[in-house]
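Here is the structure we will look at, set down as structure tokens.
The values are calculated or read from the model by the stated rules, or taken from the named source; none is laboratory data. No experiment lies behind these values; they were computed from the predicted model shown. Every residue, glycine among them, receives a Cβ derived from its backbone with ideal geometry; neighbour counts consider all protein chains shown. These accessible areas exclude ligands, DNA and RNA; they are computed on the full protein's heavy atoms, side chains included. Shrake-Rupley method; radii C 1.70, N 1.55, O 1.52, S 1.80 Å.
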Amino acid sequence: MHQIKRLLTLAAVLIAVTSPALANSLVVYSPQGEENVQWIVDQAKAAGHDVQVLRAPGGELFDRLVAEKNNPQADVVLGMVDTSMALLKKNGLFQPYTPAWAADLPAQYKDKEGIVYKFWSTPVVIAYDSEKLAAERAPKSWLDLTRGEYKGKYVIGNTAWQTTRVYLAGILARFLDDKGEVTQAGWDFLGAFYANAIVVDDADARKEAFKSGGAVINLNWFGGVIKDARELGMQVKVIDPEGGTPVISEGVAIMAGTDQLEQAKAFVDWFGSADVMAGYAKKFGQVPVLPAALAKSPPEVQANAELVKAQPIDWDAVAPKLDGWLQKIELEIR
């Protein structure tokens with residue numbers, strides 16, 4: 001019944017996207033939140049872009065885009081994370097286009113083929129409760145976490161969670177050989193990393209680990225750290241670790257099969273521009289990666305951008321391997 005319901009839901013969405021009312025609109029697929037999508041649509045309309053956004057969870061959109069490869073319904077994909085965008089590109093769903101704002105974008109936020117460009121990012125950080133752990137005793141690196149003094153002090157979440165997947169990828173990326181495979185030292189480290197942690201499957205168990213007082217080190221995306229601090233009454237400090245911090249970036253790309261190429265190019269040029277991204281930062285507090293946009297962003301956003309140094313990760317190389325790594329973790333390590 002669940003599968004039937006899912007198929008009916010997707011069919012209903014497909015009808016909506018291909019209805020005559022949307023025939024001349026630019027169709028954008030995005031996992032952005034409802035408020036974010038409404039802001040984008042309103043701002044785009046004011047700038048003269050006729051846009052309809054189909055929003056759904058990232059996993060659903062990924063599956064849908066792959067299923068629609070030979071009959072694409074979207075013109076632009078916006079807001080999916082590094083791994084998803086890398087795999088969609090690898091599957092030939094996107095076409096090259098260099099946005100007007102791309103020249104000043106840091107190299108780590110654009111790919112070599114000139115297909116996917118990132119517009120904002122958030123770090124997956126190590127933070128700690130400064131009331132329960134002195135600064136001099138806090139870890140200085142992700143690799144410090146296997147030390148005995150941190151046993152039971154941090155939580156590893158479900159491997160289905162995006163945040164968990166990102167920091168596991170960041171750890172394993174430090175142990176790649178010249179063929180891009182994880183060395184035995186990497187798997188040994190990950191075994192020790194799990195053995196030293198509180199391992200949970202759901203959000204309630206994760207929260208309880210901090211409430212009970214055992215967990216004092218928070219491995220989480222930056223916004224999640226702030227939310228936890230507020231809800232759990234933690235005084236948190238974010239660490240800028242040796243070797244850098246893995247960063248989640250969201251990208252934008254134009255579909256290979258779009259029949260509205262010029263409209264798609266115009267929309268991408270508009271969306272990623274410094275003024276729009278600065279407005280986005282002001283509204284939602286996200287850190288834009290375009291330097292000109294960051295310069296126009298509120299002071300607190302600029303300050304957040306300086307908290308940590310990004311870990312260099314080749315997501316094009318990592319993305320195709322990540323599911324295999326996670327399967328090994330589930331079967332042999334966790």
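Averaging sequence separations of C-alpha pairs under 8 Å and six or more residues apart, then dividing by the length of segment 86-238, give the relative contact order as a whole percent.
Computed over segment 86-238, the figure is 34 percent.
Just to check I understand the Karplus step: with θ = phi - 60° and J = 6.51 cos²θ - 1.76 cosθ + 1.60, what whole-Hz values come out for segment 86-103, glycine and proline as x?
Running phi through 6.51 cos²θ - 1.76 cosθ + 1.60 with θ = phi - 60° gives 5, 6, 5, 5, 4, 7, x, 7, 10, 10, x, 7, 9, x, 4, 8, 6, 4 Hz.
Pop out the ³J(HN,Hα) list for segment 134-144 in order, Karplus 6.51 cos²θ - 1.76 cosθ + 1.60 with θ = phi - 60°, rounded to Hz; leave Gly and Pro as x.
Each residue of segment 134-144 in turn: 6, 4, 5, 9, 6, x, 9, 8, 4, 6, 6 Hz.
Please check: in the Gaussian network model of the chain (C-alpha springs, under 10 Å), which one of V287, V200, V77 has the largest mean-square fluctuation.
The residue with the greatest mean-square fluctuation here is V200.
Pull up all non-local amide H partners of I156: gap of 5 or more, or a different chain, and H-to-H distance under 5 Å with H placed in the peptide plane.
Residues meeting the criterion, in which the H sits 1.01 Å from N, are I198, V199, V200.
If you take the charge dipole of the chain about its Cα centre, with +1 on Lys and Arg Cβ and -1 on Asp and Glu Cβ, which of N24, V289, Y97 is farthest toward its positive end?
V289
To the nearest 500 deg cm²/dmol, what mean residue ellipticity at 222 nm is calculated for the chain from DSSP H runs of n ≥ 4 alone, each contributing -39,500 (n - 2.57), summed and divided by the residues?
My calculation for the chain gives -12500 deg cm²/dmol from helical runs alone.
Mind checking Rg over Rh on segment 202-334, alpha carbons, Kirkwood formula for Rh?
So for segment 202-334, dividing Rg by the Kirkwood Rh gives 1.04.
Just read off the accessible area of T83 with the full protein assembly in place, 1.4 Å probe, to the nearest 10 Å².
Accessible area, nearest 10 Å²: 30 Å².
Quick check on the chain: what does the Kirkwood estimate of hydrodynamic radius come out to from the alpha carbon pairs, in Å?
21.2
What are the residues whose amide H is under 5 Å from the amide H of N220, where those residues sit 5 or more places off or on another chain and H is modelled from the backbone?
The list, which skips near neighbours in sequence, is V125, A127.
Sequence neighbours fewer than 8 away in the same chain don't count; with that in mind, list the lysines whose C-alpha is under 20 Å from K118.
Filter leaves K89, K90, K110, K265, K282, K283, K296, K309.
At 1.4 Å probe size, with every protein chain present, just tell me what the per residue accessible area of the chain comes to in Å².
The answer is 47 Å² per residue.
W187: accessible area at probe 1.4 Å, nearest 10 Å²?
40
List, in order, the whole-Hz ³J(HN,Hα) value for each residue of segment 233-248 obtained from phi through the Karplus relation with A = 6.51, B = -1.76, C = 1.60 and θ = phi - 60°; use x for Gly and Pro.
x, 9, 9, 9, 10, 9, 8, 9, x, 4, x, x, 10, x, 10, 8
Can you tell me the dipole magnitude for segment 124-219 around its Cα centre, using point charges on the Cβ only (Lys, Arg +1; Asp, Glu -1), in Debye to the nearest 20?
Magnitude of the dipole: close to 180 debye.
Residue farthest toward the positive end of the dipole of segment 192-334, with Cβ of Lys/Arg at +1 and Asp/Glu at -1: which of L326, W315, A197?
A197
Under a 5 Å amide H to amide H cut-off, with H placed in plane at 1.01 Å, what residues pair with V236 once short-range neighbours are removed?
Residues meeting the criterion, in which the H sits 1.01 Å from N, are S130.
Of the accessible area of the chain, with the probe set at 1.4 angstrom, what percent is carbon plus sulfur?
Here carbon and sulfur together make up 51 percent of the probe-accessible area.
Only Lys, Arg, Asp and Glu count, each charged at its Cβ (+1, +1, -1, -1), so figure out the dipole size of segment 215-334 about its Cα centre, rounded to 20 debye.
That gives segment 215-334 a dipole magnitude of about 360 debye.
What is the Rg over Rh value, at two decimals, for segment 219-293, using alpha-carbon atoms and the Kirkwood definition of Rh?
1.11
Would you look at the GNM of the chain, springs on alpha carbons closer than 10 Å, and say which of Q311, Q38, Q52 moves the most?
Answer for the Gaussian network model of the chain: Q38.
List the aspartates and glutamates whose alpha-carbon lies under 20 Å from that of K132, not counting same-chain residues fewer than 8 positions away?
Reachable aspartates and glutamates: D144, E149, E208, D228, E231, D240.
Suppose every Lys and Arg Cβ carries +1 and every Asp and Glu Cβ carries -1, with no other charges. What dipole size does segment 162-265 come out with about its Cα centre, to the nearest 20 debye?
Dipole size: approximately 360 debye.
Among M234, M255, M80, which one shows the highest mean-square fluctuation when the chain is modelled as a Gaussian network with alpha-carbon springs under 10 Å?
Most flexible of the set in this elastic network: M234.
In the chain, if the dipole is taken from +1 on Lys/Arg beta carbons and -1 on Asp/Glu beta carbons about the Cα centre, which of F210, F222, N71 is farthest to the positive end?
F210
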